[in-house]
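Report on one structure; see the data block that follows.
The values are calculated or read from the model by the stated rules, or taken from the named source; none is laboratory data. Here the structure is a predicted model, which is why all the values come from computation and not from measurement. Here the Cβ is made from the backbone with ideal geometry for all residues, glycine too, and neighbour counts use every protein chain on show. These area figures cover heavy atoms from the full protein model, side chains too; ligands, DNA and RNA do not enter into them. Shrake-Rupley method; radii C 1.70, N 1.55, O 1.52, S 1.80 Å.
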Amino acid sequence: MKIRYLGHSSFQLIESTGTTIVTDPYSSSLGSEMPAVTADAVTVSHHHYDHDSVERVGGKPLVIDKEGSYELDGVDINSIRSFHDPEGGRLRGENIIFKFSMDGIEVCHLGDIGEECSTELIEALLPVDVLLIPVGGTYTIDAEQAKEYVDRIMPDIVIPMHYREKGKKLDVDRVEEFTDLFDEEEVDFEGGSEIDISREDLGGDTTRIIVMEKAED
């Protein structure tokens, strides 16, 4: 499968069959322009302008923004209810976590998760091969909380998202606040905007942190 980083919390996930999913498309109001993309489905973790601009995605995709189980041309999609804050949604409401099974690889997009890491939630998420996780704090978990999620989920690959990027207007931390919590040899800043992952890339002894560059049109 292929993962292409579109910026902020948005990724284009492409199975080898060609089935394509875009996560959390964002508005230009964020201060960054989202690349032009098409998809068979769009997932929305919550309805804020920087996560639910489904009109930015071409191809008349299926929009999934609720808890449940879905099947799309051989891709299994499971969505799990969680909270956008540590007070059970009282501050910022609910958040939907999405799990995708593509080419035998389990990919988990945590959306704008804000709740503390709990045993119940971790058990609901496992297994996870590739974890897409917010690390910028303020509106989501921060770097240290994200590190706890990584340590407990133990994925093979972690791709941070929702951190300070050029032009972005949100008051969030730099990705280095997160990557500095790991050993230098575990972090790859040369991930580019697109990576290919196969089952052969998984099953290592350590977790790889891959910091990706935003794709251009």
> Would you pick out the residues in segment 59-76 that are over 14 Å from THR19 (Cα atoms) and open to solvent by less than 40 Å² (accessible area, probe 1.4 Å)?
Replying inline: ILE64, GLY68
>> For segment 1-21, give me each residue that is in a strand (DSSP E or B) and either crowded, with 20+ Cβ neighbours inside 10 Å or within 10 Å of the chain's Cα centre (by Cα) (or both).
In response: ILE3, ARG4, TYR5, LEU6, GLY7, SER10, PHE11, GLN12, LEU13, ILE14, THR20, ILE21
>> Filter segment 166-217 down to the residues that are in a loop (DSSP other than H, G, I, E, B), open to solvent by less than 40 Å² (accessible area, probe 1.4 Å) and within 19 Å of TYR139 (Cβ to Cβ) and list them by number.
In response: LYS168, LEU170, VAL172, VAL175
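Specify the residue that is farthest from LEU126 (Cα to Cα); the eligible residues are those in segment 38-81 that are among the β-branched types (Val, Ile, Thr) and in contact (Cβ under 8 Å) with a residue 60 or more places away in the chain.
Among those residues, the one meeting the criterion is THR43.
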>> With the requirement that a residue be farther than 13 Å from THR140 by Cα and among the small types (Gly, Ala, Ser), what does segment 95-117 give you?
In response: SER101, GLY104
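Looking only at segment 91-110, filter to residues that are aliphatic (A, V, I, L, M) and assigned to a strand (DSSP E or B); which one of those is nearest to HIS46 (Cα to Cα)? Steps first, answer last, please.
Let us first name the residues in segment 91-110 that are aliphatic (A, V, I, L, M), namely 91, 96-97, 102, 105, 107, 110.
The next check asks that each one be assigned to a strand (DSSP E or B); those that pass are 96-97, 102, 105, 107.
Details: ILE96: 7, ILE97: 10, MET102: 23, ILE105: 24, VAL107: 18 Å.
Here the residue is ILE96.
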> Between residues in segment 138-162 that are within 23 Å of GLY88 (Cα to Cα) and residues that are surrounded by fewer than 18 Cβ atoms within 10 Å (Cβ to Cβ) and among the aromatic types (Phe, Trp, Tyr), which pairs lie under 8 Å by C-beta distance while being six or more apart or on different chains?
Replying inline: LYS147/PHE182
>> Condition first: without any contact (Cβ under 8 Å) to a residue 40 or more places away in the chain, open to solvent by less than 50 Å² (accessible area, probe 1.4 Å) and in a loop (DSSP other than H, G, I, E, B). Now tell me which residues in segment 111-135 satisfy that.
In response: ILE113, GLY114, GLU115, CYS117, SER118, VAL128
>> List the residue pairs whose Cβ atoms are under 8 Å apart, where the first residue sits in segment 200-215 and is farther than 21 Å from PHE178 by Cα, the second is exposed (fewer than 15 other Cβ atoms within 10 Å of the Cβ), and the two are 6 or more positions apart or on different chains.
In response: ALA215/GLU194
> Has segment 101-108 got at least one residue that is among the charged types (D, E, K, R), under 28 Å from VAL187 (Cβ atoms) and open to solvent by less than 60 Å² (accessible area, probe 1.4 Å)?
Replying inline: yes
>> Go through (1) within 29 Å of ARG174 (Cα to Cα); (2) touching a strand residue (DSSP E or B) at 6+ places or on another chain (Cβ under 7 Å); (3) open to solvent by 50 Å² or more (accessible area, probe 1.4 Å); (4) among the acidic types (Asp, Glu) for ASP24 and report which single condition fails.
In response: (3)
